[in-house]
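Read the structure below first, then the notes.
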């Protein structure tokens, strides 16, 4: 019965790539028994897929999507006719690499090497929810030399994740030829040295696969099953031929493939007719779950003492952790750290909620993916790291989190020139621009510890990917004109709002983050010179309300002021909004114009002409126009 299913699925996989005129048929054929056995053995069905009380399956070699889609069709998740007709068609859910819009696909794979990290994230979330469900990760042999795979192996072993089984399609062929010729590696040894159990079997022998899956599930440790397979299995002219890694069969070759698979060549005619009809099933992405978290009462910091935003975040996080840790009705909160707990201020949470604290060592790529995947598996996940590590270094992983519509809370500390002494390599001066390149991320940049506290509590209660970015230094508490904390008392954070810190009619300053206190010093300088300016703080630079921008423009002059690349941050966003809304005024953008120096935060900012005096001078120069 399984052999017949494999034959039929192979005919569907070949047909869909031929209908599309592209795809990866041969690898799909070598992985077919793996797909059939995993989806057959796992507790995952069309009926329970949209819930959390089930097993999870991750496809890491996402280019073998024809194999995955064919097996999902065989098990009733999708229609085989739809898959064969609409594979790789614009607007169809059946993209060239597997995506979460297809029922049965738990994670969009992206580039090779991501899947095991996602599986680790699922396994950590399942453990946090006190479940015994299992995670299966299907992989290729070519990706085994990637560093992120090694990171994920180590995390799984170190955390004792016995509930994860990896299956590797070891067909010894990749795009450029034989795997062992392209990059030699002792694959079994790599897994063994990282503490995994290793089982080897014939990847086309379904009895051997069943036995291996049963052994792995009861082994008491994470286990990999190395499945020795034949590229292009079942179609003679594809078998063992690297060319068919990424080439569809056409013409007589397609006819021959159908003959060997015992299928009708009319499958292609019907698929093309349906493909050209213009009617296909629309993508359906799982809805984001609103977490059940008690966020508590915000703390208020007063102007008699300077505090860093990192501490404002860390204190709020610890408060929230203590409120929810022992409550079974609350959503678990997993906090990930890459050997920077003290610097990013998550030590308090770690002590208060030890089972929810995940230390992963200096392994940022895998951590970014694992934290993102965990967030779609019934927990709230937060990863705190330096800006250059959590976003610049792991940009691809954060992009994939965006594509997968995860709900990661990414806390970036040590952003901007404010890092000072660490120097240019560690000064994250492009985080706004990097997040702006993506479509789903929301960004919060707090002005002081009070706003940091309130932003943290808000973010943890929201679904979706949210980044909170802050500097390193202790800074003044932002006050109103009476000297009271501006973001304390009755202040309620609202996403997208611009906070009017001071009002004036001669010009407007729009700033973000810790630069707010410097902007207020410039306001004092200008006031003493008889110039009255409005000062706005943009805590959400990616999505600022247009009405406030228009209000600022009515002064006739806007100066933006930021500790960020001047061409890709706040200034460019404000200028774009002015243009799109037809609000015309003079504008000057002050920001980072080169890589920074190594020195104290104040000295490095001064060297970049980002002192309050520089801002005041820029306002005066605009007024002279």
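Nothing in this text is a laboratory measurement; each read-out follows from the coordinates by a stated rule. The model shown is predicted, which means the values in this text are computed figures rather than measured ones. Counting neighbours? That spans all protein chains shown, and the Cβs are built from the backbone with ideal geometry, glycine included.
Worth a mention:
- Sorted by Cβ neighbour density within 10 Å, fewest at the top, the residues 402, 3, 169: 3, 402, 169
- Over the Cα atoms of the chain, the radius of gyration divided by the Kirkwood radius equals 1.05; this is the Rg/Rh ratio.
- Taking 7 Å steps out from each Cα toward its Cβ at residue 521 and residue 439 produces label points 4.3 nm apart.
- 13 Å reach of a label modelled at residue 300, 7 Å along Cα-to-Cβ, counting backbone N of the range 437-474: 450-451
- Here, P(r) means the percent of Cα pairs in each 10 Å bin from 0 to the largest distance; for the range 307-475 it is 11, 44, 38, 7, 0.
- Taking 0.36 nm per residue of separation and subtracting the Cα-Cα distance, full extension of the segment from residue 284 to residue 484 would add 67.1 nm.
- As computed over the range 291-349, the Cα convex hull volume per residue (Å³): 89
- Mean sequence separation of contacting Cα pairs (under 8 Å, at least six apart), scaled by the length of the range 2-275, corresponds to a relative contact order of 25 percent.
- Relative to the longest principal axis of the Cα atoms of the chain, the long axis of helix 364-374 makes an angle of roughly 80 degrees.
- Taking label points 7 Å from Cα along the Cα-to-Cβ direction, residue 546 and residue 603 give a separation of 4.7 nm.
- Cα point-scatterer Debye curve for the range 119-169, base-10 log of I(q)/I(0) at q = 0.16, 0.26, 0.31, 0.32 Å⁻¹: -0.45, -1.02, -1.25, -1.29
- From least to most packed, judged by other beta carbons within 10 angstrom and beginning with the fewest, 191, 107 follow the order 191, 107.
- The gain in end-to-end length when the residue 494 to residue 181 segment is fully stretched comes to 107.0 nm, 0.36 nm per residue minus the alpha carbon separation.
- Part-to-part distance (alpha-carbon centres) for the range 318-389 and the range 479-504, which is given in Å: 30
- FRET efficiency, residue 210 to residue 48 (Cβ-Cβ, R0 25 Å, nearest 0.05): 0.70
- Global geometry of the range 2-275, whether rounded, prolate or oblate, following the gyration tensor of its Cα atoms and the 1.5 cut on a/c: prolate
- Euclidean distance of C-alpha centroids, the range 139-187 and the range 577-616, integer Å: 46
- Angle in degrees between helix 309-324 and the longest Cα principal axis of the chain, rounded to the nearest 10: 60
- Where the Cα pairs of the range 366-456 fall when distances are cut into 10 Å bins, in %: 17, 48, 31, 4, 0
- FRET E, pair residue 158, residue 2, Förster distance 25 Å, beta-carbon r, rounded to 0.05: 0.10
- Angle between the chain longest axis and helix 2-20 axis [Cα atoms, degrees, rounded to 10]: 60
- For the chain, the relative contact order comes to 12 percent (Cα pairs under 8 Å, sequence separation of at least 6).
- The relative contact order of the range 498-623, computed from alpha carbon pairs under 8 Å that lie at least 6 residues apart in sequence, is 28 percent.
- Label point of residue 330 set 7 angstrom out along Cα-Cβ; within the range 98-138, amide nitrogens under 20 Å from it belong to 125-131.
- As a proxy for reagent exposure, 534, 22, 70, 236 were ordered by neighbouring Cβ count within 10 angstrom, fewest first; the result is 236, 22, 534, 70.
- Estimated 222 nm signal from helices in the chain, with DSSP H stretches of n ≥ 4 weighted -39500 (n - 2.57), rounded to 500: -11000 deg cm²/dmol
- Cα gyration tensor shape of the range 498-623, rounded if a/c is under 1.5, else prolate or oblate by comparing a/b with b/c: oblate
- Spacing of the modelled spin labels on residue 219 and residue 424, each 7 Å from Cα toward Cβ, amounts to 4.8 nm.
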